[in-house]
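Engineer: This structure is in structure tokens; I'll ask about it shortly.
All of the numbers you see were taken from the coordinates with simple rules; none came from a lab. Quantities reported herein were computed from a predicted structural model and do not represent experimental measurements.
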Amino acid sequence: MPDSAASKQFVDPRRLYATEAPLRTRVGSFNRYLLADRASQDLFRDVTQSIARHSPIADIGCGVGVPLLPVGPTVMDGQDVIGGDLSLGQLRSVASASSGPSPSLLQFDAARLPFRSASFGCAVARHMLYHVPDPRLAAAEAARVIRDAGLFVATTNSSSSRPELQNAHTEAVVDLGGRLVERMSTNFDAESGGEKLTGSFRRVRTEPWSGVLAFPNVDVLFDYYRSTAYFKMAFDTEADRERLAGRVSEILRLRFGEGSAPLTVGGAIFICTGPIPVISNL
Ligand SMILES: C[S@@+](CC[C@H](N)C(=O)[O-])C[C@H]1O[C@@H](n2cnc3c(N)ncnc32)[C@H](O)[C@@H]1O
């Protein structure tokens, strides 16, 4: 079954992010194994520098505090970063992992930010807008809370990221009669995201990023696979998920053997300026 035949189902992110462990595994994989190409490394550096020039910064959907992509600050970086997330589990993990001064953390929904208008130099929403049922609402909120000369940065994946793993997963789920859900990022991916930002910002620049997740072997790639939402959602029981894990492991071993197991990854960074004020009818 092609990827496009997967069923469309909006997954409540509170279920996916109730505990920190799966996200921490994925962030750990990106931090350790992402080899970005030269142009992407330059892009990450330039965007990070640009964000730093626009403090204070609101980190929307901060997760475990450290982002998947090396773009922008961590919540632990300083007093001028306020991190927020829908998940109390993630916020607790940030608070307990930080050794320095307490990071500024708040529980909030990206679609309704608890901040005054024009109170930030920059807002970042890294790999999270696809979890918001209507990303346009979150974009409007980000535009509202930054100043006129402020910056909004959103990162996401491409719909064709990690084809090696997606193909193995799709083949195994179809073989075993499991549930194939549409990719989590479809709601706001590199291909569709820009258009959802244009109603809230006068200028939206789309910059592609790409590279490989250079896992040293299939076992390490496999830990990453087990932390993904599509693995968890393919079956309801642990026993069925174990069968799936076994099948995917066979497919990946056939492909990569005992050597390194690189996944092709890519996506986009949207750099937005010129927030458009919302005209209220009230
Ligand atoms: C894939 S993680 C990304 C975390 C981090 N920004 C990064 O780059 O690694 C998505 C995060 O967004 C949070 N999230 C999902 N929907 C949200 C919403 N409506 N408002 C705020 N946070 C949300 C999740 O709880 C999770 O921590």
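Engineer: Short version: ³J(HN,Hα) in whole Hz for each residue of segment 177-182, in order, from phi by Karplus 6.51 cos²θ - 1.76 cosθ + 1.60 (θ = phi - 60°), x for Gly and Pro, what are they?
Structural biologist: x, x, 9, 9, 9, 4
Engineer: With the chain treated as a Gaussian network of Cα nodes joined by springs under 10 Å, which of PHE30, PHE256, PHE152 yields the largest mean-square fluctuation?
Structural biologist: Looking only at PHE30, PHE256, PHE152, the biggest GNM fluctuation is shown by PHE256.
Engineer: Same structure, new question: Indicate, rounded to the nearest 5 percent, the antiparallel portion of the DSSP beta bridges found entirely in the chain.
Structural biologist: In the chain, DSSP labels about 60 percent of beta bridges as antiparallel.
Engineer: Still on this model: Could you identify which residue out of ILE57, ILE251, ILE269 has the top mean-square fluctuation in a GNM of the chain using Cα springs shorter than 10 Å?
Structural biologist: With Cα springs under 10 Å in the chain, the top fluctuation among ILE57, ILE251, ILE269 is at ILE251.
Engineer: Let me ask you something else. First check a/c for segment 51-114, with a ≥ b ≥ c the square roots of the eigenvalues of its C-alpha gyration tensor; if it is under 1.5, answer rounded, and if not, answer prolate when a/b is larger than b/c or oblate otherwise.
Structural biologist: rounded
Engineer: Extent of segment 3-275 along each principal axis, from alpha carbon coordinates, in Å, largest to smallest?
Structural biologist: Principal-axis extents of the Cα atoms in segment 3-275, largest first: 53, 35, 34 Å.
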